[in-house]
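Enquirer: Below are the structure tokens for one structure; questions will follow.
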Amino acid sequence: MKRVIILTYDYPPNNGGIARLCFEIKKQCKLNGLSVRVVTLASSGTDMENDEDVIRIVGKRGLLEWRILNYLKKNTERDDIILTGTFHPDGLLGWLSGRKVYMLAHGAELLPGKSFFQKYVWKYYRKYLLKSASGVIANSHYTERLVRLCSPLSKVYTIPLAVDYDYFRPTSSKMRDGVLHLCSLSRLEKFKGHDFLIRVISSLPSEYKEKISLTIGGNGPYKESLVALARELHLVDTIGFEGFIDDGKLCDFYSSADIFVLCTREEPGLKNVEGFGLVFVEAQACGTAVIGTRAGGIPDAVKDGDGGWLIAQDSQKELSELMMFLIDHPEIVAEEGLKARQRAIQEYSWQNYYKALSGIICR
């Protein structure tokens, strides 16, 4: 019987995207009767799960890698399958173990960067490792294209990310008070486009501007600039900053809004990109329609006219016209919210993700 070894440097209690993805893959493997083990790092709070199938390795960098590789060679079989969280360093260790290796690809880690090392050393290392994998699992068609640009001979498959639609579900009623309630959630960095969104709201005719509210969740290095911009544009009564949104409050945050908006920019030179945009799918699962940009992998998460809308990156004209249209047609906002929930259930279930993944790595 085949066994899957998930090798990842990022796993709960970390709450990043890779950690959550690896956790869900492990969960689906167990639910479907596939033997699975996670090999990851030890950190504070790691006794939370008490799971004998999660092996945590202790050590400083260098020693840590030696211990992981030693564990893989001594505690795995030749026909075990190793699935790594990224191509480096997890993918390298998987390849050195001599086992069959598949690597997850997310987007930003594949962008070229600007330094001499990134351009003239790292790219050859990345090209070789990706080619050496039995397969690379991309989270969007955009990420698949990045993998092919980095390593044309790689075997690449695209499986869009999934959402637990039993957890992410409508939990709060829409206000329906004549105001278009927008929400946005991300780490607050410039490439996420919140400054663009704030400026678009400011540019609306006054009769529309007074019918919009925006709540921004998340923290990050750009937050002070955004608060200052809202103050400068006299939008302090229109835009609220909620800070970090606890997992237990996420569904209410998404559900209570009419529209979720995130206008991410694609900045390859700065290694900034939305490889997929899981927050869009989470919001849709909560019955909230979404607006996103045609940047990175967002078009794999948002479909025009089916629970959401796509606009060109930094297109003030498109977004302002769309906002005014939605304010004038609240019935369409409600209809798209219902479509969003159905789309999340039909297209982004973990059952679908596991079926596609197991069809690749277990054949």
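The values are calculated or read from the model by the stated rules, or taken from the named source; none is laboratory data. Remember, it's a predicted structure, so these values are computed and weren't measured experimentally. Cβ: placed from backbone, ideal geometry, glycine included. Neighbour counts: every protein chain shown. Heads up: the accessible areas ignore ligands, DNA and RNA and are worked out on the full protein's heavy atoms, side chains in. Shrake-Rupley method; radii C 1.70, N 1.55, O 1.52, S 1.80 Å.
Enquirer: Residue check: is R169 in a loop (DSSP other than H, G, I, E, B), among the basic types (K, R) and closer than 22 Å to A19 by Cα?
Expert: yes
Enquirer: Tell me whether the stretch 6-28 contains one or more residues that are of a type outside the set (A, V, I, L, M, F, W, C), farther than 28 Å from R187 by Cα and open to solvent by 30 Å² or more (accessible area, probe 1.4 Å).
Expert: No, the stretch 6-28 contains no residue that is of a type outside the set (A, V, I, L, M, F, W, C), farther than 28 Å from R187 by Cα and open to solvent by 30 Å² or more (accessible area, probe 1.4 Å).
Enquirer: Related question: What do you reckon, is L63 hydrophobic (A, V, I, L, M, F, W, C), open to solvent by 20 Å² or more (accessible area, probe 1.4 Å) and without any contact (Cβ under 8 Å) to a residue 12 or more places away in the chain?
Expert: In short, yes.
Enquirer: Then there's this: Kindly provide the set of residues from the stretch 288-316 that are farther than 11 Å from A340 by Cβ, of a type in the set (D, E) and part of a loop (DSSP other than H, G, I, E, B), ordered by number.
Expert: Matches in the stretch 288-316: D314 only.
Enquirer: Looking at this structure, is F325 in contact (Cβ under 8 Å) with a residue 24 or more places away in the chain and among the aromatic types (F, W, Y)?
Expert: Answer is no for this residue.
Enquirer: Within the stretch 151-197, take every residue that is within 14 Å of M323 (Cβ to Cβ) and more than 23 Å from the chain's Cα centre (by Cα) and give me the one that is most open to solvent (accessible area, probe 1.4 Å).
Expert: So the residue we want is V179.
Enquirer: Within the stretch 201-213, is there a residue that is assigned to a strand (DSSP E or B), touching a residue at least 12 places away in the same chain (Cβ under 8 Å), in contact with a helix residue (DSSP H, G or I) (Cβ under 7 Å, 6 or more places away or on another chain) and buried (at least 17 other Cβ atoms within 10 Å of the Cβ)? Reasoning before the result, please.
Expert: First, pick out the residues of the stretch 201-213 that are assigned to a strand (DSSP E or B): 212-213.
Still in the list and also touching a residue at least 12 places away in the same chain (Cβ under 8 Å): 212-213.
Still in the running and in contact with a helix residue (DSSP H, G or I) (Cβ under 7 Å, 6 or more places away or on another chain): 212.
Next, from what is left, pick out any that are buried (at least 17 other Cβ atoms within 10 Å of the Cβ): 212.
Within the stretch 201-213, one or more residues are assigned to a strand (DSSP E or B), touching a residue at least 12 places away in the same chain (Cβ under 8 Å), in contact with a helix residue (DSSP H, G or I) (Cβ under 7 Å, 6 or more places away or on another chain) and buried (at least 17 other Cβ atoms within 10 Å of the Cβ).
Enquirer: A follow-up question, please. Just checking, how many residues over the stretch 223-265 are among the acidic types (D, E) and within 25 Å of F325 (Cβ to Cβ)?
Expert: Number satisfying all stated conditions: 2.
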